[in-house]
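Asks: Supplied in structure tokens, the structure appears directly below.
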Amino acid sequence: MTTIRPFWEPEVETMNRADLAWLQFSRLQPLVQRCAASPFYRRLWRTSGFRPEQLDSLDDLRRIPFTCKEDLLEAQVREPPLGDLPCCPPEAWREIYPVSTADGGMLYSAYSDADLERNSEIGARILWGCGVRPGDLVHNSFGYGLFGGGLAVHRSTKTVGAGTIPIGTDSVQRQVELLFNLKPTAIVAIPSRAMYLMDRIRERGLHPRDAGLRLGIFGGEPGVAAGRDRLEQAFGLKAYDLYGITEVGPLLAAECTEQNGLHWAEDHVLVEVVDPNTRVLCRPGEMGVLVLTDLTREHMPLIRYWTGDLAVMNDEPCPCGRTHVRTVGGIRGRADAMVIFQGAKFYPAKVEQVLYAYGDLGPEYRIVLERNLGNCGDSCTVLVEAAPGSAINIRGLEDRLRRQLQDGVHPDINVQIVRYGSLERVLNTARRVEDRR
């Protein structure tokens, strides 16, 4: 009987830290030299005084200034469509994906053949680490349009020898039909969409467990940690967190079967967590902004890219045997989604963690900030839907939630439970904050 290997690339995933650091530097140094030939990086690095010849070790990475989304947008406006980053000639472009910006604009990221192959290899490592094996059938509900995650999962599933149901963002009716008719063993989805699907299955008189799913891989929103128990209990699966970002790669990190943090493909991407105020590197266990540096991107490599995503890093070995660093608790939220209320600061993900612990509540909620014109004071109310068909003591549960949120998040938060279906469906934690002040 053939034993299936526990790692997709064992020689890389279990590499000792000293050898991994050498591999990273051997890739970083020529990449920085190549980037120095581009007008984009020459312009960006000029004011900081950084010169490529100063890069003598991985520690020297800190000398390089951050690359922000605004820098990329400015370059693409100056020289459309892709700016003046290091790029292959247009005939080498294979796929281009847009990323929406806060002002409604578009930032474009292009991939070459080599970049797409790299994405598939990282994705295969991720799927394998979550437990996908040859012969599995994956229900892929990531979008197949201008969201790169759908196609990346599709290719990676093929690489590991599994099958794919390319359902994308098709209707809930079709999603349920294919889940129960084809009985896939795994699902890839945005967490809030999976919860919405869970409720729709129950409304049809079915039980989510009867779909027969063994595992779920969830990404596209801040970590699955808050809703993990609910998803696992409803579908009878093991739920794994997944992370990717279009500007760097649609699939970059995911949990292993230990479910103890996102494992990064550090041979392809250098990972830092930086204090958003001091811009100093955080110590393990401290929360800061995730900063990523491409090591193997051919077309549009990004050096110290400021993602805006909040994370906590852990560099201790994982019981699974993998040696690459982990992001414990997944992505905690967005630095630009911080709620400031009565002089205090908190992130929506902290509210979500409290709400998702209650099975009598639905997945949709809003954090509503308003100004009282009478006394000019601010108010903060959490609106949350009751779960479909739940028979709860609304007043009692509101009081319990209010006490828990006031103790753990902010002392002046109010709670109101509303009818299921009364809140608009959104697929982004940040959009659940309504600031009406």
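The values are calculated or read from the model by the stated rules, or taken from the named source; none is laboratory data. These numbers were taken from a predicted model, which means no experiment stands behind them. Quick reminder, even Gly has a Cβ in these numbers, built from the backbone with ideal geometry, and neighbours come from all protein chains shown. To get the accessible areas, we keep the full protein, side chains included, count just its heavy atoms, and leave off ligands, DNA and RNA. Shrake-Rupley method; radii C 1.70, N 1.55, O 1.52, S 1.80 Å.
Asks: Counting only protein heavy atoms, what percent of the accessible surface of the chain is carbon or sulfur at a 1.4 Å probe? All intermediate terms of the calculation are to be shown ahead of the outcome.
Replies: On the way: 9470 of 18990 Å².
In the chain, the share of accessible area belonging to carbon and sulfur is 50 percent.
Asks: Here's a follow-up. Find out how many positive minus negative residues lie around A344, taking Lys and Arg as positive, Asp and Glu as negative, among other residues whose Cβ is under 12 Å from that of A344.
Replies: Values: positive: K345, K350; negative: D378, D412.
That works out to 0.
Asks: Enter the accessible area of E79 (Å², nearest 10), with the probe set to 1.4 Å and all protein chains included.
Replies: My reading of the accessible area for E79 is about 90 Å².
Asks: Which order do I245, I4 take when ranked by solvent-accessible area (1.4 Å probe, heavy atoms of all protein chains), largest first? It would help to have the intermediate numbers written out before the result.
Replies: Numbers: I245 20, I4 95 Å².
Putting I245, I4 in descending order of accessible area: I4, I245.
Asks: Taking 8 Å as the Cα distance limit and 6 or more residues as the minimum spacing, I'd like the relative contact order of the chain as a percentage. Walk me through the numbers before you get to the answer.
Replies: On the way: 849 pairs, mean separation 55.8, N = 437.
Rounded, it is 13 percent for the chain.
Asks: Can you compute the charge dipole magnitude of the stretch 183-238 about its Cα centre, using +1 on each Lys and Arg Cβ and -1 on each Asp and Glu Cβ, nothing else charged? Give it in debye, rounded to the nearest 20.
Replies: Numbers: 10 positive and 6 negative charges, 33 e Å.
For this selection, approximately 160 debye.
Asks: Compute the separation of the alpha-carbon centres of the stretch 328-361 and the stretch 138-216 and state it in Å as a whole number.
Replies: About 26 Å separates the Cα centre of the stretch 328-361 from the one of the stretch 138-216.
Asks: Give me the compactness ratio for the stretch 1-93, meaning the Cα radius of gyration over 2.2 N^0.38 Å.
Replies: 1.46
Asks: Keeping every protein chain present and rolling a 1.4 Å probe, give me the accessible area per residue for the chain in Å².
Replies: Details: 18990 Å² over 437 residues.
Averaged over the residues of the chain, the accessible area is 43 Å².
Asks: When ranked by the protection proxy of mean other Cβ atoms within 10 Å per residue, highest first, what sequence do the peptides 125-137, 80-92, 339-351 form? Show your work: numbers first, answer last.
Replies: Details: 125-137: 20.4, 80-92: 14.5, 339-351: 16.8.
The most tightly packed comes first, giving 125-137, 339-351, 80-92.
Asks: Which lysines, on any chain, are close to K158 with Cα under 24 Å apart, when same-chain ones fewer than 8 places away are left out?
Replies: Qualifying lysines at Cα under 24 Å: K183, K238.
Asks: OK, next. Taking only the alpha-carbon positions of the chain and ignoring solvent, what does the Debye formula give for the base-10 log of I(q)/I(0) at q = 0.07, 0.09, 0.10 Å⁻¹?
Replies: These q points yield log10 I(q)/I(0) values of -0.36, -0.60, -0.75.
Asks: While we're here: Summing Lys, Arg as +1 and Asp, Glu as -1, what charge do residues with Cβ under 14 Å from the Cβ of D407 carry, D407 excluded? Please list the in-between numbers first.
Replies: Working: positive: K350, R400, R402, R403; negative: D399, D412.
Result for the neighbourhood of D407: +2.
Asks: State, to one decimal in nm², a quarter of the convex hull surface area for the C-alpha atoms of the stretch 24-152, i.e. the direction-averaged projected area. Mind dumping the intermediate values first?
Replies: Values: hull surface 41.8 nm².
It is 10.4 nm².
Asks: Placing +1 at every Lys and Arg Cβ and -1 at every Asp and Glu Cβ, with all other atoms neutral, what dipole size does the chain have around its Cα centre, in debye to the nearest 20? Walk me through the numbers on the way to the answer.
Replies: Numbers: 51 positive and 57 negative charges, 146 e Å.
Computed charge dipole of the chain: roughly 700 debye.
Asks: With every protein chain left in place and a probe of 1.4 Å, what is the accessible surface of W45, to the nearest 10 Å²?
Replies: About 10 Å², ignoring ligands and nucleic acids.
Asks: Can you show me the helix-derived [θ] at 222 nm for the chain, built from DSSP H runs with n ≥ 4 at -39,500 (n - 2.57) apiece and divided by the number of residues, rounded to the nearest 500. Before the final figure, lay out the partial values.
Replies: Working: 11 runs with 127 residues, N = 437.
After summing the helix terms and dividing by the residues of the chain, the value is -9000 deg cm²/dmol.
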